[in-house]
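What follows is a short report on a single structure.
The values are calculated or read from the model by the stated rules, or taken from the named source; none is laboratory data. Keep in mind that this is a model prediction, so the values were computed, not measured. Ideal geometry is used to build each Cβ from the backbone, glycine not excepted, and the neighbour counts take in all protein chains shown.
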């Protein structure tokens, strides 16, 4: 019992430090819990070194690394398969078009469509196709405002156009 009372500060620093690192895993960025956890772990090694010497300090460091590794593994396992995976903190599904979640509209139907540039393309700009305005990009060349363009390729939100020189 005397051992625990004598080393209570070291034990508290280790336990709270690892707990703060676990909390940091589920928060975006590297913020106050993560920095505080690392500082507490360093303080616990320092306190051990000043009170008991180098070898016990290395032992505490090894225990911290082991406990930290086990805690991280259990937390990640819980996030993927345990109770934490059923909580609202974890995103379960992906985005699907039938649920109304889409990042960009499908513009594949515009391939081969002809339109007119509403702004100069340097190489990006706006063009109108069948009454619909689209953000478009040329293959790197400058295309002036009012030029006729044809959609050559659609890749996600990127609509590649080429100036139609036959109708100029």
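Yes/no per residue for (1) at pLDDT 90 or above; (2) closer than 30 Å to residue 75 by Cα:
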{"site": "93", "(1), (2)": "no, yes"}
{"site": "98", "(1), (2)": "no, no"}
{"site": "118", "(1), (2)": "yes, no"}
{"site": "124", "(1), (2)": "yes, no"}
{"site": "127", "(1), (2)": "yes, no"}
{"site": "130", "(1), (2)": "no, no"}
**Q.** Residues of the stretch 116-156 satisfying the condition of being touching a residue at least 12 places away in the same chain (Cβ under 8 Å), under 24 Å from residue 106 (Cβ atoms) and in a loop (DSSP other than H, G, I, E, B)
**A.** 118, 119, 123, 130, 139, 156
Q) In the stretch 157-168, what residues are surrounded by fewer than 18 Cβ atoms within 10 Å (Cβ to Cβ) and touching a residue at least 12 places away in the same chain (Cβ under 8 Å)? A) 157, 158, 160, 162, 164, 167, 168
Q.
Residue under question is residue 19, and the condition is that it be assigned to a helix (DSSP H, G or I), touching a helix residue (DSSP H, G or I) at 6+ places or on another chain (Cβ under 8 Å) and either within 26 Å of residue 80 (Cα to Cα) or not assigned by TED's automatic domain parsing to the domain that holds residue 68 (or both); does it hold?
A. yes
Q: Identify, from the list 82, 29, 68, 37, the residue that is surrounded by 14 or more Cβ atoms within 10 Å (Cβ to Cβ) and at pLDDT below 85.
A: 68
Q: Have a look at 50, 54 and point out the one that is closer than 13 Å to residue 10 by Cβ, loosely packed, with under 14 Cβ neighbours inside 10 Å and at pLDDT 90 or above.
A: 50
